[in-house]
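What follows is calculated from the coordinates using simple rules that are stated; it is not laboratory data. Since the structure is predicted, the reported quantities are computational estimates derived from the model, not experimental observations. Reconstructed Cβ throughout: ideal geometry from the backbone, glycine too, with neighbour counts over all protein chains shown.
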Amino acid sequence: MSNNSVSKKSNVPFYFFLKLALAIALFFLVLNVNELAERKWPLQLITGAWTFLLPSIFVSITRFIIIAFYNARHKKNFVRGNFVLGINRLTAVLNAMIFGIAIMIALGINPKEFLTSLTIVAMAIAVIFREYITNMISGLLIMFSNQLSVGDRIKVGDNKGRVEDITLSNIVLKNEEDDIVLIPSNLFFIQPVTNLSVHRSKFFYVKFELPLQVATRSEELGTELRELFRTHPELDMEHELKLRVEEIGKDFVRFKIELIAKSSSDRLHREIENEVLKQILVFQSKH
């Protein structure tokens with residue numbers, strides 16, 4: 001499934017109807033039970049529930065409208081980026097804030113006075129959780145940008161792999177060993193990041209090293225590789241094989257081969273690379 005098809009999902013979730021049903025039930029409860037107005041705690045609980053349900057329903061409806069408009073506008077276009085993902089994460093943050101205020105009201109606490117009295121404590125909390133707050137802001141910026149999408153293959157520092165998810169604090173990366181690597185979102189802005197999927201190409205490279213005594217037989221290796229490439233169904237061998245010397249070390253020579261596949265699939269490129277490296281190992285074992 002493509003990123004575009006994933007981003008255009010806007011199904012109405014079950015919990016939205018649940019919130020709507022609860023709001024309607026509370027409305028009829030207040031209308032039909034007059035004794036509630038004379039009881040402090042039930043009234044506070046209902047007021048707290050209203051404080052959460054009404055804004056949360058409004059946020060959800062706004063979310064649905066924005067996503068529907070976005071999907072309609074980009075219906076025929078391939079869309080990069082994580083706009084829908086960003087909207088979903090932002091909605092979750094707003095709902096969490098609304099829920100916190102609703103709890104205060106349900107407990108009879110004035111949210112404005114409470115937050116004012118905790119200004120100094122809030123500043124201390126902000127300092128303590130500075131890294132998490134920075135990560136959260138960075139995560140939101142990544143979601144609303146078109147520089148990175150779920151499914152892209154990227155390289156951040158020494159880590160390279162496919163983006164599985166983008167959260168408020170991490171970029172979830174699955175490397176070539178199928179290990180899950182969590183990259184803090186703020187590293188995206190302070191470390192060099194290479195997006196290997198932005199410009200999808202049929203060209204790719206295979207790099208390898210050979211001991212000096214084997215490297216002197218590079219012409220023989222080139223002949224064997226040409227035979228492999230000539231019969232490979234997924235390679236376009238209209239051009240001559242280019243076996244280039246990248247570096248000569250004390251006891252090794254580093255080579256690079258430029259290949260052209262019939263598809264820009266990263267998975268296909270890795271499969272072909274594995275076949276080439278296996279053939280090189282067979283050649284090295286014979287010499």
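What to note about this one:
- Contour excess over end-to-end distance, with Cα ends at Ser145 and Phe99 and 0.36 nm allotted per residue: 13.8 nm
- Cα→Cβ-extended label distance, 7 Å offset, between Lys256 and Leu228, nm: 1.9
- One chain, two ends: Ile109 and Leu22. Fully extended at 0.36 nm per residue, the span grows by 29.0 nm beyond their Cα-Cα distance.
- Extension reserve of the Ile180-Ala72 stretch, reckoned as 0.36 nm per residue once the Cα distance is removed: 35.5 nm
- Net charge in the neighbourhood of Leu212 (other residues with Cβ under 14 Å of its Cβ; Lys, Arg +1, Asp, Glu -1) is 0.
- Here, the range 203-286 yields an orientationally averaged convex hull projection of 5.2 nm² when only Cα atoms define the hull.
- The GluC sites (Glu not before Pro) of the range 223-287 that meet both conditions, a loop assignment by DSSP and at most 11 other Cβ atoms within 10 Å of the site Cβ, are Glu238, Glu240.
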